[in-house]
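Chemist: Below you'll find the structure I mean.
The values are calculated or read from the model by the stated rules, or taken from the named source; none is laboratory data. Because the structure is a prediction, the values reported are computed rather than measured. Every residue, glycine as well, gets a Cβ built from its backbone with ideal geometry; the counts of neighbours run over all protein chains shown. In case anyone asks, the SASA skips ligands and DNA or RNA and just uses the protein heavy atoms, side chains included. Shrake-Rupley method; radii C 1.70, N 1.55, O 1.52, S 1.80 Å.
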Amino acid sequence: MAPTSNETEIIFLGFSRNRDMQKIISVIFLLMYTAIVLGNGLIVVTIMASKGLTSPMYFFLSYLSFVEICYCSVTAPKLILDSFIERKVISLKGCITQIFFLHFFGGTEIFLLVVMAYDRYVAICKPLHYTVIMSRRVCGLLVGAAWGGGLLHSFGQTFLIFQLPFCGAKVLDHYFCDVHPVLKLACSDTFLIGTLIIANGGSISAVAFVLLMASYVVILHSLRSQTADGRRKALSTCVSHVAVVSLFFIPCSFVYLRPCVTLPADKIVAVFYTVVTPLLNPVIYSFRNAEVKNAMRRLVRGK
């Protein structure tokens, strides 16, 4: 492993150097983060407490909502706190830890979205075999595989960053630590490491996105044999899923499927896959779902 300075401090520039603007941004992120925690937390509690939401779709949704809370919590709280601090710094160990958890929960979310697409494919294309194929044991294994896939992906990204030497005080033109901005802080050539990082992160995003889109194309093709009501319900579900997938994967692809260079737009793009997607998840997946809304009403009324 390359020698790494434990004394290295990384300074975040954030979105703006204007203190008043920083506080405005902090309030906006605080409101969004609160909505993310409350909205996704309500989904998790509702699904766990409701006896009517026992299908695999809701089982996967509860885990997705939990991952969304964790994923956003990696970056948002520090940004909110940093807005009230003159010098926004993080240690090198803290930076690498942030990268690890960012890619752990991000990778897990990618694999969970693939699992949820497979669940919808089986439910719509093989309805008679659905309960056999998507048994409780299979659902548990699929969720475990999603967590394991996220862990392997994150370990790979973190291991590659650990190979680089860092020295002295560094300035990061971002509001959190990620692989591409941190690569620019290394004291050695990063071409090989950068290529491996793209192969690890970019390939997962690209392959998962292609699989997801292919599954929904197959689902839409199979809807021709459904009744009008069945087509409407299935189409509504698929459109919701595609909306979440697009909001998450398009920004991710913009960041991780290109050479390891940083662009001024990266900070704004990162907001979409770290904050906007977790914020819209409850709206797109659940608040448009009559069963979930009824379960939430019963939960609030204490029934």
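Chemist: Taking the structure as given and computing volume of the Cα convex hull per residue in Å³, which label from (i) 138; (ii) 163; (iii) 176 fits?
Modeler: Derived directly from the coordinates: (i).
Chemist: Continuing with this model, one more query. Suppose all protein chains stay in the model; what accessible area per residue would a 1.4 Å probe give for the chain, in Å²?
Modeler: 48 Å²
Chemist: Subtracting the Cα-Cα distance from 0.36 nm times the residue separation, let me have the gained length for residue 225 to residue 138 in nm, one decimal.
Modeler: 28.6 nm
Chemist: Can you pull the percent of region 171-258's accessible area that's carbon plus sulfur, 1.4 Å probe, other chains left in place?
Modeler: 71 percent
Chemist: Follow-up. Find out how many positive minus negative residues lie around residue 158, taking Lys and Arg as positive, Asp and Glu as negative, among other residues whose Cβ is under 15 Å from that of residue 158.
Modeler: Taking every Cβ under 15 Å from that of residue 158, the sum is 0.
Chemist: What is the spin-label model distance, in nm, from residue 239 to residue 49 if the labels are put 7 Å beyond Cα along the C-beta direction?
Modeler: 3.1 nm
Chemist: Rank-order 218-229, 261-272, 104-115, 245-256 by packing density, defined as the average count of other C-beta atoms within 10 Å over each peptide's residues, highest first.
Modeler: 104-115, 245-256, 261-272, 218-229
Chemist: So how far, in whole Å, is the C-alpha centre of region 173-251 from the one of region 45-67?
Modeler: Rounded to whole Å, the Cα centres lie 22 Å apart.
Chemist: Here's something else I'd like to know. So if each residue of separation counts as 0.36 nm, and I subtract the Cα-Cα distance between residue 81 and residue 167, what length gain in nm does that give? Display every interim value, and only then the final one.
Modeler: On the way: separation 86, 0.36 × 86 = 30.96 nm, distance 2.61 nm.
Here the answer is 28.4 nm.
Chemist: Another question, then. Just grab the label-to-label distance for residue 159 and residue 210, each label 7 Å out from Cα along the Cβ direction, in nm (one decimal).
Modeler: Label-label distance for residue 159 and residue 210, simple model: 2.4 nm.
Chemist: Calculate, in nm to one decimal, what residue 9 and residue 257 gain on full extension: separation in residues at 0.36 nm each, minus their alpha carbon distance.
Modeler: Once the chain is fully extended between residue 9 and residue 257, it gains 86.5 nm.
Chemist: Here's a follow-up. With each pseudo-label sitting 7 Å past Cα toward Cβ, what's the residue 23-residue 268 distance in nm, one decimal?
Modeler: Each label point is offset 7 Å from its Cα along the Cβ direction, giving 2.5 nm.
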